[in-house]
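What follows is a short report on a single structure.
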Amino acid sequence: MNESLVPDMKDIVALCKRRGFIFAASDIYGGINGFWDYGPLGVELKNNLRDLWWKHMVTTPPVGPDGQPVQIVGLDSAIIQNPKAWEASGHVGGFSDPMVDCKETKLRYRADHLKIIRVDSPDKNLFFAFIEETSEEEMAAKVKKVLGKSVQIGAHESFLECVDKLHLIVAPDAKESGTLTPPKQFNLMFHTYVGATASEENKAYLRPETAQGIFLNFKNVMDSSRVKLPFGIAQIGKAFRNEVTPRNFIFRSREFEQMEMEWFCHPDEVETWMNFWFEERQKFWKNLGLSSDNLQMRQHGQDELSHYAKEGLGTSDIEYRFPFTAPDFGELEGIAHRCDFDLTAHSEHSGQKLEYTDPNDQKNRFIPHVIEPAAGLTRGVLALICEAYTPDPNRPSGVYLNFHPSVAPKKAAILPLTAKDSHVPLATKIYMDLREHYAVDLDIKQNIGKRYARQDEIGTPFCFTIDDQSNEDSTVTVRHRNTMKQERIAIESIRTYMEKEMALMAQ
RNA sequence: GCGGGUGUAGCUCAGUGGUAGAGCGUCAGCUUCCCAAGCUGAAUGCCGUGGGUUCGAUCCCCAUCACCCGCUCCA
């Protein structure tokens, strides 16, 4: 999207509510921060994206580098698992970030991203905190500015080692010492209690990612599904994170939906598969209509890697330029090399063997490495809506949603030109036939212009209109959403017409 | 969690210390051979929520909730 054409999120949110895509959760009670409901059209759009992902991954997975289709099976694991699973995965200990606030500057820092320099001066010892990016020169300059040029600059320490000396710490942008608060823990996992009594013994967690359910079932799938390495296990489902600040409509919400696939392969082949999936996943989003201008591929820096991806090939993101991130990009999908971190951790914690035995060499046993393409389903929905949103002052609705037909919540509208008996019965018949195959609307009321405008606003790609001529020669007009142009086709060819339009672009 | 802003009909917004309006949309009827056209009519709000001041609060004060922007974080 062109810089000047970036749509306003307020308009998108308003359209989503007005037409029934997305509502604030518990709207009549004033909403609840970080939760959203999907309305009649929103659930259609979300289901379409979900089903296309499932088809692309599980039903008709892509052809691998060797020319053979890859093997991926599905899974639907429970949202609540034994809490030991989250201790093993590192989420109980690591899925939280200690934060400190500066009372003077009102800025907030991640405690583990602060570095400290100890400075011994004649009158007193001070500790200077800096954000990670600060250069040695900048740090020295600040210290000398405060304490004079002759001071001795001491060794680096981590902030967490100095929490008992808060009163002596000068915050990165502060002038005085002692303005930092003690670090506060933000555990991002929701917890609940299983059973009638709420006590520590039966504390459990809502999953913060669907991936762990896959690792927990690795052995079950291996033992029951005749899969051979390399293979994948795919899962779509809700995940929950107690985000400090839910923001940007459904982009960062506390309850969201993920589409994750764990690809298990031999450690020697990770690079091949990492590249393969990175390419495949880009194709997927492009085929759904996200323009290459608004998509960006990015390697994670070493400092932002998750606990499971510190080694190996790291993480590559597929990012989308959302209106609220523009001109920057926001993450849509991450393709991570999780190494053997998860299977090893669960193996150690559970005492179960989670290794793979080479069928051609029974002595060759190893723990597979994992490449994980993890996409946000609800983020995908938002990207599709943002991409589709097209203001157009030259049409009555002023805007239309340019959905690819395969994701559009309604594929077509059947419109009798007038509400007369000469048009309605034939329109109804066409509707009854077509609805067996596609999500379509029959709209009889009000003038034709209003009905076209309504369909534009919800992104229906085609309107089939029945007029007098339809009764004479069994044809209808097709009105195209994007161009508003019309053509006449035979009623009996409507289905094949739509089938052709519905196909995704060449893969 | 911190700082700033906002909250009136489905949407966009006006308005006043004496419990509310417009445009658009929605619905019904008529009309209509193709783009929110025309005519007629209708429904809809405890003015975000809870307190306080006041004879009286949608308006003033306090709190709270939600949303937007920034910090932070993230699939």
Inset, instruction - Go through (1) more than 30 Å from A:Thr192 (Cα to Cα); (2) at pLDDT below 90; (3) open to solvent by 40 Å² or more (accessible area, probe 1.4 Å) one by one and return the number of the condition A:Pro69 breaks. - result: (2)
Inset, instruction - List every residue pair whose Cβ atoms sit under 7 Å apart, with the two residues 6 or more apart in sequence or on different chains, where the first one lies in segment A:26-49 and is over 23 Å from A:Val244 (Cβ atoms) and the second, anywhere, is within 11 Å of RNA strand B (Cβ to nearest atom) and of a type in the set (Phe, Trp, Tyr). - result: A:Gly39/A:Phe23
Inset, instruction - Return yes when A:Thr192 is modelled with pLDDT under 90, under 27 Å from the mean Cα position of the chain (by Cα) and in a strand (DSSP E or B) and no when it is not. - result: yes
Inset, instruction - Inspect all residues belonging to segment A:216-237 and state whether any of them is open to solvent by 20 Å² or more (accessible area, probe 1.4 Å) and either of a type in the set (Phe, Trp, Tyr) or within 13 Å of RNA strand B (Cβ to nearest atom) (or both). - result: yes
Legend entry - Residues being open to solvent by 40 Å² or more (accessible area, probe 1.4 Å) and near RNA strand B (Cβ under 8 Å from one of its atoms) - total across segment A:13-34: 8
Inset, instruction - Kindly indicate whether any position in segment A:351-366 is among the β-branched types (Val, Ile, Thr), open to solvent by 10 Å² or more (accessible area, probe 1.4 Å) and either at pLDDT 95 or above or within 16 Å of RNA strand B (Cβ to nearest atom) (or both). - result: no
Inset, instruction - List the number of the failed condition for A:Val58; all other conditions in (1) within 12 Å of RNA strand B (Cβ to nearest atom); (2) surrounded by 15 or more Cβ atoms within 10 Å (Cβ to Cβ); (3) in contact (Cβ under 8 Å) with a residue 60 or more places away in the chain hold. - result: (1)
Inset, instruction - Within segment A:255-278, track down each residue that is closer than 26 Å to A:Cys386 by Cβ and either open to solvent by 40 Å² or more (accessible area, probe 1.4 Å) or more than 10 Å from RNA strand B (Cβ to nearest atom) (or both). - result: A:Glu255, A:Met261, A:Trp277, A:Phe278
Inset, instruction - Read through the list (1) touching a residue at least 40 places away in the same chain (Cβ under 8 Å); (2) farther than 22 Å from A:Leu41 by Cα; (3) open to solvent by 50 Å² or more (accessible area, probe 1.4 Å), then give the number of the only condition that A:Arg379 fails. - result: (2)
Legend entry - Residue in segment A:320-350 that is farthest from RNA strand B (Cβ to nearest atom), counting only those that are open to solvent by 10 Å² or more (accessible area, probe 1.4 Å) and aromatic (Phe, Trp, Tyr): A:Phe341
Inset, instruction - Residues being hydrophobic (A, V, I, L, M, F, W, C) and open to solvent by 30 Å² or more (accessible area, probe 1.4 Å): count how many of those fall in segment A:367-376. - result: 1
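Yes or no, residue by residue, for (1) among the basic types (Lys, Arg); (2) within 11 Å of RNA strand B (Cβ to nearest atom); (3) open to solvent by 30 Å² or more (accessible area, probe 1.4 Å); (4) in contact (Cβ under 8 Å) with a residue 24 or more places away in the chain:
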{"site": "A:Ala408", "(1), (2), (3), (4)": "no, no, no, yes"}
{"site": "A:Lys411", "(1), (2), (3), (4)": "yes, no, no, yes"}
{"site": "A:Ala419", "(1), (2), (3), (4)": "no, yes, yes, yes"}
{"site": "A:Pro425", "(1), (2), (3), (4)": "no, no, yes, no"}
{"site": "A:Lys429", "(1), (2), (3), (4)": "yes, no, yes, no"}
{"site": "A:Glu436", "(1), (2), (3), (4)": "no, no, yes, no"}
{"site": "A:Ala439", "(1), (2), (3), (4)": "no, no, yes, yes"}
{"site": "A:Thr460", "(1), (2), (3), (4)": "no, no, no, yes"}
Inset, instruction - Could you check segment A:337-435 for helices (runs of 4 or more DSSP H) lying wholly inside it with 2 or more residues that are closer than 21 Å to A:Gln258 by Cα? - result: A:341-350, A:377-388
Inset, instruction - Determine whether segment A:42-49 contains at least one residue that is more than 13 Å from A:Ile250 (Cβ to Cβ) and open to solvent by 70 Å² or more (accessible area, probe 1.4 Å). - result: no
Legend entry - Top-ranked residue of segment A:468-500 - restricted to ones that are of a type in the set (D, E, K, R) and closer than 22 Å to A:Pro396 by Cα, ranked as most open to solvent (accessible area, probe 1.4 Å): A:Lys485
Inset, instruction - Output the residues belonging to segment A:382-395 that are surrounded by 13 or more Cβ atoms within 10 Å (Cβ to Cβ) and of a type outside the set (Val, Ile, Thr). - result: A:Leu382, A:Ala383, A:Leu384, A:Cys386, A:Glu387, A:Ala388, A:Tyr389, A:Pro391, A:Asp392, A:Arg395
Inset, instruction - Answer yes if at least one residue in segment A:476-496 is out of contact with any Lys or Arg (no Cβ under 6 Å at 6 or more places or on another chain), farther than 27 Å from A:Leu15 by Cβ, within 9 Å of RNA strand B (Cβ to nearest atom) and not hydroxyl-bearing (Ser, Thr, Tyr), and no otherwise. - result: yes
Legend entry - Set A:Glu209, A:Glu243, A:Glu201: member being acidic (Asp, Glu) and away from RNA strand B (no atom under 16 Å from the Cβ): A:Glu201
Inset, instruction - Read through the list (1) modelled with pLDDT of 95 or more; (2) closer than 17 Å to A:Ile72 by Cβ; (3) of a type in the set (A, V, I, L, M), then give the number of the only condition that A:Leu229 fails. - result: (1)
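The values are calculated or read from the model by the stated rules, or taken from the named source; none is laboratory data. Note that this is a predicted model, so its numbers are computed, not measured. Cβ atoms come from the backbone with ideal geometry, glycine included; neighbour counts cover every protein chain shown. The accessibility values were calculated without ligands, DNA or RNA, using every heavy atom of the protein model including side chains. Shrake-Rupley method; radii C 1.70, N 1.55, O 1.52, S 1.80 Å.
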